Each structure stands twice: as structure tokens, then as C-alpha cells.
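Written out below as C-alpha cells is the structure these notes cover.
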Amino acid sequence: MKRTRLLLYYAFPVRLLVLHVRNHVMLVALWVFLALLMTGKIGHFFGVYYLLLMPEYHGEVNFWSFFLTGAACGAFFLIWNLTTYLLCASRFPFLATLSAPFTKFGLNNGIIPFAFLLTYLAASIWFQAHDELAGAVEILRNVAGFLTGLVAIIVAVAAYLHLTNKDLASILQPGHFTPRPGSRLLAPGAHVPTIREIRKGAARWRVDTYMTERLRLRPVRSVEHYNKEILEKVFRQNHLNAVVVQLAAVLLLMFLGLFMEQPWARIPTGATIFLLASMAMALFGAIVYWFRRWALLVFLLLLVTINFVTGMGLFHYRNRAYGLDYSEKTQAEYSYKSFEAICHPDTVALDIARTKKILENWLAKNRAAGVERPKLVFVCVSGGGMRSSVWTMQTLQRADEATDGRLLRQTALISGASGGMVGAAYLRELCLRRQEGAPISVHDTAYLADMGLDLLNPVSFAIISNDLFFPFGTFHAAGHRYRKDRGYLFEHQLNENCRGLLDRRLADYRQPEAEARIPMLLVSPFLLNDARRLLISPQGVSYLMRPPGSIPTDVDGVDFRRLFARQQADSLSFTTALRMNCSYPLILPPTWLPSQPATEVMDAGFRDNYGIATAVRFAQTFRDWITENTGGIVIVQVRCWEKQRPIKERDSKGIVENLFSPFSAAASLTSMQDFEQDNALSLLNNVLDSNQLQVIRFVYRPLKKENEASMSLHLSKREKRDIIAAFYQPDIQRNLEELKCALKE
């Protein structure tokens, strides 16, 4: 029994596993991280697990979507073997005596990949059967696609290495293996065992048996009689082939980045995750291979160098707002002096007067429909990725249909953040196109389906094939040249999903809004420089830059059109405005604006995830007009976040977790906004006449909590069905009846 245990322990597969766990913790951790992702243990809220388990390609989950994901997974398996071969082949000199040394190394190095593959297949089959309700034939087809892709890429690269890697039989020369103690092989730290070490069995990594291609154990042959230079030559040639394959993979990704606008190039996000992990593993392995004990220092120096180089000269690049003029001679001045000049009393008075004219047109439109004192409706939508886009579209379509069109007709202002604003903007555009004569029904569910189309595949592919290197592709807009990156591809895909209808400039909406043919829509991304809001509207909105009243207050918002008037603010692409409003960290880049000092904007959710702050300030500014001419205010809040959330237990925190407690406050950002906005609504109610304010909330609640749609730029079919069905729950229908009654008064 003891002999059997020793035989098993000194088998090459087991020794490699022990070596990886002891020496290559970061590489093993990457496997663990991916396993946690695909099982939903981490990233569940963002829906990462189903991106891996149910990949989508061209809007469909089928054989080819699984094939591409399987091929990417196979590439990850190969990079694992190539990287570990570079790092530890020199610890096992007997490999040089074998035919097809890399092939045998890969077979013996397969414990971790094989366990990962079994976990993936089990998780994917379970997910397809229980979450997607797929049939046995469909599941079998998808699994076959994944395995076919995985095997195809492995066989292709393994065949190349098998044919090109040399062994001792091909380059054997007479001589003796007499290395000096402590001699090095190929790279710093690659120690070749001495004859004395081998004869005494004192080599650092003893191996007695290895597995052949027929999955049989064979004893390891002695290498005492081989010349050290021959062994070195074998490993050099094998290692060179491994580096060539890794370099070819990176160049192929860069080449594919040139075609990122083509639909065929937008591979599934699951495949992108595997490719990104492959690049991380290859980079880590290369640094460790060449620099060994200096690897950590070299890695840190590399980060500093990259940051320095990309911050200046040729390689300096930041995402830009398409349509703006970025020439140095027209930089806007971003300063307190500029803020005060923009919201000068005369300018504020002018903007208020023009907005009152819009409200008068709104009033005339509703009186023409037979309502003498109509309720003034503000639609406030929340962030929440694509689930918020679909929920907003579904809610507004069905609510407007239920109120016979009164909801959209009586809406004066739309505000909010992220995905909710995308859905609201698309519905508003449909209203405008219908008025312009297009044969459109704004209640058509086909437009709701548009909001559920994938946006993540092109963005994720642009990250690994383009943005991680340098965006060389360019395009022109409003007479200026910009680089193509994931921000550009997001807008391109969004406009494609919306049938090209959002391809407008900011100024294109000025006249329709001024005539009250469509509601005003105010986009308010977050300024990273000083936490102010950037107020983007085709109208002058300087009156929203600070709280109304006689008490001196600081400016907390900036009128985009006035600050960037000389930079052609009116030419801003409308999809860029929407993108800036939903620039979730890492997924979409922050946008740099042409100011001095340079300013950057991100997701509006950092300041106002629900749009309430904008609506309240607007209502405060025009409260006298509202009281005189309307039947009151109805705030329709469409949100994907519960107001009352579970209270977290904090009793079992350890000392390390306590150190990071202050940072956990960031996770409560939206809850804190809720508290502040409830306070603002209460104050607004006090300044208006009694019964002048109603707040009606449409909150997305999943039919089953475990089936809640993720906050992502991609939704599964089950998630889309759940969002649509959630509108017909009793609490939503009660709120719909309340809205119908409010608009009939």
C-alpha cells in the first residue's frame, strides 16, 4: 500500500499539480476565479455566470456560439500548458528524452483543466435545463458545439507543436551530461540538476512515472548520459515555439480588432472572458519566466512605465465626446469664474423665460386635448444596465397605452441615469418619428425587443482586441476625427439595435422640445474632477446649476451647451450623451472633455441614480407657473432597485474585514441617494399647495428572487421574460390604476 502511494505521489501529473499549487499560486488562482465566475459564486449580480454558461452570438444561443466559446476555452487550456511549460519544463530534464515532449507534458498537466472542464459542462447543462428550460436535444447540440470548438483549437495548435518541436532523437550528438552544479538553462532561475543530484535522487522534483498518449504510466528514463548542451538545445527550441504561439495569439487578436465593427467579429462575451484570462496568464508567465525573483518588481515598473508612456506623446489616448472640437486653441475654461459667468442672473432669467415658453406650448397641447388644468408629469428613470432599459421601455409603453396616450402627452421632463435613460430616449424618439410621418406605433412590442438586444459582446471584444493595446482605427464625425474604441463600438451597436433612429445630434431635438412635441430630456453624467453634474440638454438650463432661492449656494451642476459653446456643443452625438450617462466603470471608458483643466465624466448614477434631484429642482424653479396653470405634479418613477433592502448583519466581521469597513459605504451609495431624495420630495411637497404632488413608483421585482435579472449589458431570454412579466404583478397594476386616476383628474 505504501509503495502504491509513493508510486502515485511521484507520478508526473501529481508532481505537476503539487508544483503549481506551491510555486504558481497566481496561475491556479486564475482557474479558481473563473470557476467561481461560471458557478455564480462571484459576479452573480452582474450575470457573468450565464455569459459563460449560455454564450450568445448574433443574438442567438446555438451551436456556433458554444463553438466559439469552446475554442476560446481551448486557447486558455493551451496557454496554461504553454506558460507552465516555459516555467517548469527545465525542472524535469527527462522531458527532453521523450518524443513529442510538449504533447506529453500537456497530457500530464491536465488535472486542473480536466476538473475545470467537468465543472463547466455540469454547470452549463444544469443552467440550460433549469434556467433556460432547454430540451435535451438543444443541450446536447450546445455541449457538442463547445467540445468541438475546444478540441479543434487544441488539436490545431498541438499538431503544430508536435510537428515543429524537436527532441533528443532529432538532434542527438555524442557526449556526456556533465553540467556544473548550479548551472542555468535558458532563463534566470532555470536550474539543471547535476549528475550527483540525479544519482542520489536529490533533484528538486523527483518523477518516477509519466503518462503516455495512450494514458498509460511509463517509468522515467535517466538523463545522466546526455550532453547538457543537447538538453539545452531541445528546451530552447521547444520554448521558442511556445513563445511563437503566444505571440501569434496576441497578433491575431490585434488583427481582429481592425474588424470590430463587423458583426461576425463580435464574438460571445464568454469567449472574451476566456481570451482575457489567457492574455493575463501569458503575460504573468512571461514576466516570471524572464525575471523570476524580480517578477513582482518588474510588473510594478511595467505598470508605471505604461502609465507614463500612455499619458504623453504619440500613445496618449482618452475617449472623446463625438462631435466636439478638441483642438487646443478652443479649450473651454473649467473654473469657478466660468461657472459664475454661465449662471449670471441675466442668463438664468433668459433660460427660465425660454423654458416657460416650452411649458406654455405643453399647456396648449394638453388643453387642445380637452384638459383645462392637466397634471404636469415628470418621468424619472433609474440606472441598472440593460434590465433598466427593458423595464423602462415596458413600463412606459404599457402605461401610456393604458392611459390612452396621456402619459407621454403630459410628460414635460425626462431625467435619470444609465440604462433607464436609454429606454426612455428610444421611446421619445419613436414619438418624434411618428409625428414626422413614420408608420410607427410607440406601443409596438417589437421596439421593446430592441432594448433587449445584446450590447456586451461588441464592447467586451473591443476591450481585448483593441483597447488593451492602442486604438489605431479612426472615424470622422461633425468634421472631426476620433479613434475607435469600446465607447465608439457601444454607440455603433446601440444605434444598430435601435434601427438607426438615435443617429442624431443634440441640436436636432431643440425645436421639437421647444414646441413641446416631445418631452424635454436632460442627461446629467457625473464629473470626476469635482463631483458636479454635467447638465446636457439642447435647451439652456443654467437655472439648474444651483438650488433656487435667495440663500447663496455653490454651483453643483454645469450647463454643457454654454460651457462648451465654442467647442460645437450642439454637434454632440446624442448616443454619446447617452453613453456618458451610463459609463459604468471598466465596461465603458470615462469620457474626456475639451476643457482646461481636462474634465472627465462617468455614469450619472454616482450623483443621481433615480433622476429625482433634477425633477425636484426643475419643479422648484417653476413652482409658481405650475401652481397657476396645472392640476399639480405627478412624478412617475421607473426603477430597478428596491427602496427597502435587507439589513446586513455586521456581527461576525473579523479584524481584516474591519479595516475595510469604511470602503463598504460605497456599496450603499444608491440607498443614501434614496434617503436624500425622499427628503427633497418632502420639501417640494411643502412648497407646493396641498395635494399638488404625487409620486407613483413602478419598481421591478422579479417573479422569483433567484431569477432576478442581472445588471449587465446582456440579458438572457429568461431574464427578458421575467422583466416583461413583472409588469403584470398586483402591486404594479395597482400603481397603474393610480396613475390612470391621477391623469384623468
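Kindly sort L296, L683, L34 by accessible area of their heavy atoms, largest first, with the probe set to 1.4 Å.
Final ranking, largest accessible area leading: L296, L683, L34.
Could you pull out every residue, at least 5 positions away or on a different chain, whose amide H is within less than 5 Å of the one on S583? Hs are placed 1.01 Å off N in the peptide plane, and Pro or chain starts have none.
D603, A604
Starting from the amide H of A332, placed 1.01 Å from N in the peptide plane, find each other amide H under 5 Å away whose residue is 5 or more places distant or on another chain.
S595, Q596
With every protein chain present, what is the per residue accessible area of the range 21-111 (1.4 Å probe, Å²)?
31 Å²
Can you give the accessible area per residue of the range 357-452, in Å², using a 1.4 Å probe?
Using a 1.4 Å probe on heavy atoms only, each residue of the range 357-452 averages 27 Å².
Spelling out what I want: for every residue of the range 439-444, take phi, set θ = phi - 60°, compute 6.51 cos²θ - 1.76 cosθ + 1.60 (Karplus), and round to whole Hz; glycine and proline get x.
x, 10, 10, 5, 9, 5
May I ask you to rank L703, L86, L107 by accessible area, largest first, using a 1.4 Å probe over the protein chains only?
My answer, sorted largest first, is L703, L107, L86.
Given a 1.4 Å probe and the protein chains all in place, what does the accessible area of H480 round to, in Å² to the nearest 10?
40 Å²
Magnitude of the Cβ-charge dipole of the range 1-154, K/R +1 and D/E -1, about the Cα centre, nearest 20 debye?
1140 debye
Given a cut-off of 29 Å, name the pairs among K357/K740; K484/K704; K643/K717; K356/K740; K720/K740; K356/K720 whose C-alpha atoms lie farther apart than that in the structure shown.
K484/K704; K356/K720
For G557, what residues show an amide H to amide H distance below 5 Å, using hydrogens built from the backbone and excluding near sequence neighbours?
Close amide H contacts, sequence-distant or interchain: R533.
Output ³J(HN,Hα) for the range 371-385: one whole-Hz value per residue in order, computed from phi by the Karplus curve 6.51 cos²θ - 1.76 cosθ + 1.60 with θ = phi - 60°, and x for Gly and Pro.
So the J values, rounded to whole Hz, are 10, 5, 10, x, 6, 8, 9, 10, 9, 10, 10, 9, x, x, x.
Would you work out if the range 394-438 is rounded, prolate or oblate? Take a ≥ b ≥ c from the square roots of the eigenvalues of the alpha-carbon gyration tensor; rounded if a/c is under 1.5, else prolate when a/b is larger than b/c, oblate otherwise.
Oblate is the answer for the range 394-438, as a/c is 1.5 or above yet b/c matches or exceeds a/b.
Run the quick spin-label model on R22 and T212: label points 7 Å from Cα toward the beta carbon, then report their separation in nm to one decimal.
In this crude spin-label approximation the distance works out to 2.9 nm.
If the reach is capped at under 13 angstrom between alpha carbons, list the aspartates and glutamates near K104, excluding any in the same chain fewer than eight residues apart.
Within the straight-line cut-off, K104 pairs with D167, E213.
Carbon and sulfur: what percent of the range 263-371's accessible surface (1.4 Å probe)?
Reported share for carbon and sulfur atoms: 69 percent.
Please give the net charge around Y482, taking every other residue with its beta carbon less than 15 angstrom from that of Y482, where Lys and Arg add +1 and Asp and Glu add -1.
Once positives and negatives cancel, what remains is +3.
Measuring with a 1.4 Å probe in the full set of protein chains, what accessible area per residue, in whole Å², belongs to the range 477-625?
Result: 32 Å² of accessible area for each residue.
Percent relative contact order of the range 344-451, based on C-alpha pairs within less than 8 angstrom and at least six residues apart?
Averaging sequence separation for qualifying contacts and normalising by length gives 29 percent for the range 344-451.
Compare R562, R293 by solvent-accessible area with a 1.4 Å probe and give them largest first, with all protein chains kept in place.
Most to least solvent-accessible, the answer reads R293, R562.
The values are calculated or read from the model by the stated rules, or taken from the named source; none is laboratory data. Computed from a predicted structure; not experimentally measured. Glycine gets a Cβ as well: all are built from the backbone with ideal geometry, and neighbour counts include every protein chain shown. Surface areas here come from the heavy atoms of the whole protein model, side chains and all, with no ligands, DNA or RNA. Shrake-Rupley method; radii C 1.70, N 1.55, O 1.52, S 1.80 Å.
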